[in-house]
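The values are calculated or read from the model by the stated rules, or taken from the named source; none is laboratory data. Owing to the predicted nature of the structure, the values given are computational and were not obtained by experimental measurement. Methodologically, a virtual Cβ is constructed for each residue, glycine included, from the backbone with ideal geometry; neighbour enumeration extends over all protein chains shown. Only protein heavy atoms, including side chains, enter the accessible area calculation; ligands, DNA and RNA are left aside. Shrake-Rupley method; radii C 1.70, N 1.55, O 1.52, S 1.80 Å.
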Amino acid sequence: EGFAPIPSILSALNGIQRQTPAEDGRVDVGALLSQYLQSQAQPSAIRQADTDVIDLLNLLFDYILEDSNLADPMKVQIGRLQVPLLKVALADKTFFSQGGHPARRLLNEMASLALGWHESDTGSAVPLEKITGVVNQVIENYEDDAAVFVDLLADLVSFSEKEKRRTAILEQRIQDAETGKAKAEGARGAVDESLAHIVDGKSLPEGIHSLLTEAWGNVLLLIHLKHGEDDLAWAEGLETARDLVWSVSDGMDTDDRSRLLKMLPGLLKRIRHGLESISYNPFEMQKLLQQLEKSHLAQLTAKPAPKKKPTVEPSKPLASEEIPLPAVETRVVAEETSPSHKSSQNELQPDSSQAESPPATEVLEPEPQLELDDYYLDQVDKLTQGTWFELVDEGKQGFRCRLAAIIKKSGLYIFVNRSGTKVAEETRESLALALESGSFNQLDDGMLFDRALESVIGNLRSGRSSVG
């Protein structure tokens, strides 16, 4: 009939299969096939059905070689499978419709393994070496028995599973470390805020500030990490801090001194016990307690302040955490209740009929905030651990990284390279901006062959409908 039979085409493709492809991995199979058949003095004309298969494979591999999700060295290696897969498609008419075909699954598994690899990963060439080895075995061993793909698929899946387990261990370590870091930062923030509120701008004697914020602050930090803020131990730790600050505050009258004398033994015992619980340096602890003793001795030997006037008659003795109001505040409160004070206050009130608007004051404009696109925020919210990205740095250099952990406590997204080294951390907002600007590009981890087939068929349908 003048057409090359399938056995002749497959035999010709066996010869082409072992030829070195172009640098970009592209192979003009149709032209090479015609040349080979002519050189063998065989009919070079190919039936339309077989030509359609060849053209479809060409389109599929054009898509694969242009896929931005894979690094160029990976695409070149995968591109070498074009001729072997063409032989499979010509010999097995169910190849394009059978999603579970071992040859298709092998290509998809290779693409999945290649996804996170980049030329910059000089210290992790294992995925490229593995894929190159698989491709070499296909080219050397596959002639007409598709069992080659079954065996290579099983080996590659086993290798990929080991890689996934290794990655999972690394990511769990990062997750634990970042969660612990976020918890520690949250606890430290709570401690610092609580102590700042207790000190409230008071001037503390020499050495007492270190005792409170550093030594006792570490006691509070350990309590917060172990028990949180709802535990009694946290409340007791803050009460000790308040008692410590009050015990060295100025303006003690005779009643305050009596209270201080009763408080001291228990206060010192609590402080010592707390510092011992965190294994505080005994030598440093002794120095701090000696400085505290000097401050207390100064309090007890100084001239007492005038006795304070209570604002209300106390129904019970002051508890250890209740710090008396300074004398000046007591005087103001008392004056506010006197008739003379009320009249003087009335005199200070402006006449509403003569009131004028206050002079305009310069209002500092807040710095403009970058508007966040809800679309990209929604994209961030949909991300899952394990998603691969290409990150483009300021020098326009790209490298691959994986979303290893989402730390809910701190709201951070942690990214690592294939070796498991942390390379970036972003907040929800900064990641949304990075996606919008293109400095973070999410890679498509869908099955490569299936994506290529869907794209090619979609383009062919679009072309036919536009012609029609």
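Identify, please: which residue in region 439-465 is at pLDDT below 90 and not in a helix (DSSP H, G or I) and is, among those, surrounded by the most Cβ atoms within 10 Å (Cβ to Cβ)? Looking at the filtered set, the residue picked out is MET447.
Out of ALA177, ALA182, one residue alone is under 21 Å from the mean Cα position of the chain (by Cα) and under 30 Å from MET285 (Cα atoms). It is ALA182.
For region 1-17, taking the residues that are at pLDDT 80 or above and of a type outside the set (A, V, I, L, M, F, W, C), the one that is nearest to PHE61 (Cα to Cα) is identified as GLN17. For beta carbons closer than 8 Å, sequence separation of 6+ or different chains, a first residue in region 291-302 that is part of a helix (DSSP H, G or I) and a second that is open to solvent by 50 Å² or more (accessible area, probe 1.4 Å), the qualifying pairs are GLN291/GLU206; LEU292/LEU268; LEU300/LEU261.
Scanning region 18-52 for residues that are in contact with a helix residue (DSSP H, G or I) (Cβ under 8 Å, 6 or more places away or on another chain), more than 30 Å from MET74 (Cα to Cα) and at pLDDT 80 or above yields LEU37, ILE46.
Being small (Gly, Ala, Ser), touching a residue at least 24 places away in the same chain (Cβ under 8 Å) and farther than 29 Å from GLU426 by Cβ is a description that does not apply to SER160. For region 286-302, the tally of residues that are open to solvent by less than 90 Å² (accessible area, probe 1.4 Å) and more than 48 Å from the chain's Cα centre (by Cα) stands at 5.
Among the residues of region 226-252, those that are under 14 Å from HIS296 (Cα atoms) and not small (Gly, Ala, Ser) comprise ASP243, LEU244, VAL245, TRP246, VAL248, ASP250, MET252.
In a residue-by-residue description of region 354-370, the property of being farther than 17 Å from ALA177 by Cα, at pLDDT 90 or above and hydroxyl-bearing (Ser, Thr, Tyr) applies to no position. Which ones in region 60-87 are part of a loop (DSSP other than H, G, I, E, B), more than 14 Å from TRP117 (Cβ to Cβ) and open to solvent by less than 20 Å² (accessible area, probe 1.4 Å)? Listed by number, the list holds a single entry, LEU81. Condition test on PRO102, is it in contact with a Phe, Trp or Tyr (Cβ under 6 Å, 6 or more places away or on another chain), open to solvent by less than 20 Å² (accessible area, probe 1.4 Å), of a type outside the set (Val, Ile, Thr) and modelled with pLDDT of 85 or more? No; evaluated as a whole, the condition is false for this residue. Restricting attention to region 192-210, the residues that are open to solvent by less than 40 Å² (accessible area, probe 1.4 Å), over 17 Å from GLU236 (Cα atoms) and outside any loop (DSSP other than H, G, I, E, B) add up to 1.
Taking the stated definitions as given, is LYS226 surrounded by fewer than 19 Cβ atoms within 10 Å (Cβ to Cβ) and assigned to a helix (DSSP H, G or I)? The answer is yes for LYS226. Among the residues of region 250-277, the ones that are surrounded by 19 or more Cβ atoms within 10 Å (Cβ to Cβ) and outside any helix (DSSP H, G or I) come to 1 in all.
Rundown of residues vs (1) within 30 Å of ALA114 (Cα to Cα); (2) not acidic (Asp, Glu), yes/no style:
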site: PHE159; (1), (2): yes, yes
site: GLU171; (1), (2): yes, no
site: ALA177; (1), (2): yes, yes
site: LEU204; (1), (2): no, yes
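Considering ASN136, ASN141, the condition of being modelled with pLDDT of 90 or more, farther than 23 Å from LEU443 by Cα, touching a helix residue (DSSP H, G or I) at 6+ places or on another chain (Cβ under 7 Å) and of a type outside the set (D, E, K, R) is satisfied by ASN141 alone.
Of all the residues in region 90-117, those that are over 36 Å from the mean Cα position of the chain (by Cα) and outside any helix (DSSP H, G or I) number 8. Considering the conditions (1) in a loop (DSSP other than H, G, I, E, B); (2) over 15 Å from the mean Cα position of the chain (by Cα); (3) farther than 30 Å from LEU56 by Cα; (4) touching a residue at least 24 places away in the same chain (Cβ under 8 Å), SER410 is excluded by exactly one of them, (2). Within region 262-279, the set of residues being touching a residue at least 60 places away in the same chain (Cβ under 8 Å) and either over 16 Å from ILE208 (Cα atoms) or of a type in the set (S, T, N, Q) (or both) comprises just one member, ILE278.
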